[in-house]
Amino acid sequence: MDLAETEEEREFRAGLRAWLAKTLPELPPRPSPDDWPGRRAYDLGWQRRLYDAGYAGLHWPVDAGGRGAGPTRHLAFLEETERAGAPYVGANFVGLLHAGPTIAAEGTPAQRARWLPPVLRGEEVWCQGFSEPGAGSDLASLRTRAVRDGDAYTVTGSKVWTSHAEIADWCELLVRTDPDAPRHRGLTWLAMPMDAPGVTVRPLRTLAGSAEFAEVFLDGVRVPVAYRVGAENDGWRVTMTTLSFERGTAFVGEVVACRRTLGALARAARANGRWDDPVLRRRLGRLAAEFAALWRLTQWNVSAAERTGGVPGAGGSVFKLAYSQARQELYDAAAEVLGAEALALEEEWVRERLSSLSYTIAAGTSQIQHTIVAERILGLPKGR
Amino acid sequence: MDFQPTQEQDDLRAGVRALLARRFGREALRAAVDRAEAEGGAAGRGAGCGDACRGGPAAGGPGAVDRGLWRELGAAGFFALRLPEADGGVGLGLAEAVLVFEEAGRALLPGPLVATHLAAGCVGGAADGTAVVTAFDLGDRPGGDGGAGAGAGAAPGVLVTHLAEADAVLGTGAAPPAALLSAALPVPSADPLTPLHRVPPPDPGPGPHARLRDEGALLTAALQLGSALRTVELAVRYAGEREQFGRPIGAFQAVQHLCSGMLVRAEVARTAVYAAAVGADAADRAGGAGAAGFGSAAAEIAGAKLLADRAAAANARDCLQVYGGMGFTWEADVHLHLKRAWVRAEQWRTAAAAEEVLAAELLAGARQPGREGASYARGGGL
Ligand SMILES: Cc1cc2nc3c(=O)[nH]c(=O)nc-3n(C[C@H](O)[C@H](O)[C@H](O)COP(=O)(O)OP(=O)(O)OC[C@H]3O[C@@H](n4cnc5c(N)ncnc54)[C@H](O)[C@@H]3O)c2cc1C
């Protein structure tokens, strides 16, 4: 058991730090949350800078245009960028962490050549069209239909909770191609251009007041067969590659961010006198232990993935359960520090408190994660 | 960085597990409980608390510690693990020690394991397990509050574990056990395998050295971790076997989610304990500075103790719930895990003290202001 850096890791971090110190001050001001075109430009601009500096797609395979770095190196990258206060992955999330890795793993050479470089260079935005009004936790029950018609599929149905749909160029879409096959066997993974005729995006307002996600209506949208990744009706397996990425390293930077928030909370409590309340002080102390442990759990999972050379597995569910709860407790503690000020939306922590409410729902609800842990890790008998 | 255990560390752990399975399996555990019961009712059965309560293991009796096993542990290097090889030790670090203590916690091995281990370099016989060494390790300021926590009418004094069977008490200036014992009152103990005595408050003095307290807290956290992992196993096994409504209870989500919650607690505690051990070893080598990561070694140890205490106690309770009525019996082992977890939670570093250490560290670390965090949609993710 060793947490020390190797010489290469130290060099990598030093180089990255130097680059961040030079680059971050050159960044344009952050756009306002409601300025969608501005957000798109900002996030893509950041990705472009990463690309030019050789940091894009660090964890992607070399033959997909990435740097082929192992999980440990990727972790160091996420840690350093977050510590320096670099922009979040933002609109590049699906491209870099979901659709991209799926295409890298399952796509043809032509598909990889078409879609991966623009993601790495910060030229195209992807969104994820999996969930539907009738299919959330039970994703395999989705009903959006794709009917083969010559060299294209005609797609009809609707998707919901699609993050970044308004500014996306592409959507990784899960559709039903064989309604008669068993649920998991009739699904297909398609890359759909968001500007195709028949695609209607209707923004949904979140409880935070923002429009982070949208409904996407699909009315006879034609998607070329060439845009299918993997075989027809093999979409479930193709998709599971993506979801295991989602539950692996997707929250690494945020743990570092939480730790920083906790420090800021301590300072604020000190400044407004609430630090003298031992109950609050101890609560913050406990949260400090939680987030330190979550960081260590990340390192533990990454070391395990490094050894197997594989993608983080079901251990990600353990992490997500602990993390989403701790994160919500963090902002509840922030509210206690703020007192009545916790009602004022101008406080960033108050807005963060609202966003944090999604953590136990998005990317697999906590109940679903508990069931995954119980059945797949602990081996308890299957329910139902 | 490779945080996973090395092959040697896995082998070390497996060796200890095998030794304990052979020498202190379930039957030996229950026999030890029965013996402690027969010797004077350390378990304080019933509310009536008559003469039985005055018991505790009789002075000079065999007590909860099996001397033969203690020596065997000594021969296997359990106590001398971290002594330099030149001094007859094994020359390993806290990283290895926590793995070994985790196994002891899993097996519910009784006795002042931590104090004896800490005494290996300074009390004769501790290193090879020929001596049993206890310590004033209960509460945050043993002796400092003069037993203020004791109920009305209770004799003033502080509680100390395994006094009657100890050959020495760790700590500068601590009187020998025999002298302490003459002024001590045996006290019925919540944990049948942790006999208690109330002794007059020791000279408050400087208390245990900070370093010793940290190491004690970390090794105790490792014991808690072992227990927390063990109760997950017990609960999962029981949930797979016990049937109600025509199926194993483990097929019910309410039961499944209790079990997965237990695993989450245990895994969070595991990484906290291992990281604190690795960090303390690294700080040792570097002469003080903490390992790469958050905070000082002392704060990381405080966090490990806090999370491991929680994992052990909460997991034992959830395990009890999974066991149903069986969980409330003397016969099931669940209560032994819970009661020992309660003892350990009071040892070396309590939750209250740990949280204060962490809070102080947090504030100190926050003094260098970080970035002002106006970042939109952070964590919006998907
Ligand atoms: C902020 C945010 C962003 C999102 N972005 C995207 C996106 O970009 N693309 C996309 O495709 N999806 C996205 N989602 C959707 C997300 O994946 C789903 O919300 C999630 O999977 C839950 O589905 P649901 O909302 O239909 O809830 P439901 O599945 O209806 O669940 C409702 C409640 O029932 C519980 N429940 C359901 N089934 C079970 C069961 N078997 N056992 C026990 N309890 C159960 C759930 O835990 C939950 O508490 C996003 C969601 C959020 C909140």
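Descriptive notes on the structure:
- Shielded residues, region B:208-236 - accessible-area loss of 40 Å² or more between chain alone and all protein chains, probe 1.4 Å: B:236
- Pairs with C-alpha atoms separated by more than 32 Å, drawn from the list A:382/B:305; A:320/B:339; A:22/A:159, are A:382/B:305; A:22/A:159.
- Percent breakdown of C-alpha pair distances by 10 Å bin, ordered from the shortest bin, for region A:126-233: 16, 50, 28, 6, 0
- Contact residues in region B:1-33 (at least 50 Å² less accessible area with all protein chains than alone, 1.4 Å probe): B:1, B:2, B:3, B:4.
- Accessible area per residue for region A:250-384, computed on protein heavy atoms with a 1.4 Å probe, is 39 Å².
- Heavy-atom surface analysis with a 1.4 Å probe gives the protein assembly as shown a carbon and sulfur content of 54 percent of its accessible area.
- A simple count of charges around residue A:207, restricted to other residues whose Cβ falls under 15 Å of its Cβ and scoring Lys, Arg +1 and Asp, Glu -1, yields +1.
- Dividing the summed helix terms, -39500 (n - 2.57) for each DSSP H run of n ≥ 4, by the number of residues in the protein assembly as shown produces a 222 nm estimate of -15500 deg cm²/dmol to the nearest 500.
- Exposure ranking of B:346, B:355 by accessible area [1.4 Å probe, largest first]: B:346, B:355
- The heavy atoms of residue A:184 present about 80 square angstrom of accessible area, all protein chains included, probe 1.4 Å.
- Relative contact order (%) - criterion: Cα under 8 Å, at least six apart; region: region A:7-121: 28
- Using a 1.4 angstrom probe on protein heavy atoms only, the contact between A and B buries about 6600 square angstrom of accessible area, both sides summed.
- Minimum 50 Å² accessible area buried by the other protein chains, region A:352-381 residues, probe 1.4 Å, relative to alone: A:370, A:378, A:380, A:381
- Cα centre as origin, Lys/Arg/Asp/Glu Cβ charges: the protein assembly as shown dipole, Debye: 880
- With distances taken between every two different alpha-carbon atoms, the protein assembly as shown has a Kirkwood hydrodynamic radius of 28.3 Å.
- Relative contact order (percent, whole number), chain A, Cα cutoff 8 Å, 6+ residue spacing: 13
- Helix A:315-338 axis, angle to chain A major axis (alpha carbon atoms, nearest 10°): 50
The values are calculated or read from the model by the stated rules, or taken from the named source; none is laboratory data. Bear in mind the structure is a predicted one, so any value in this text is a computation, not a measurement. Counting neighbours? That spans all protein chains shown, and the Cβs are built from the backbone with ideal geometry, glycine included. Surface accessibility is based on the protein's heavy atoms, side chains included, excluding ligands, DNA and RNA. Shrake-Rupley method; radii C 1.70, N 1.55, O 1.52, S 1.80 Å.
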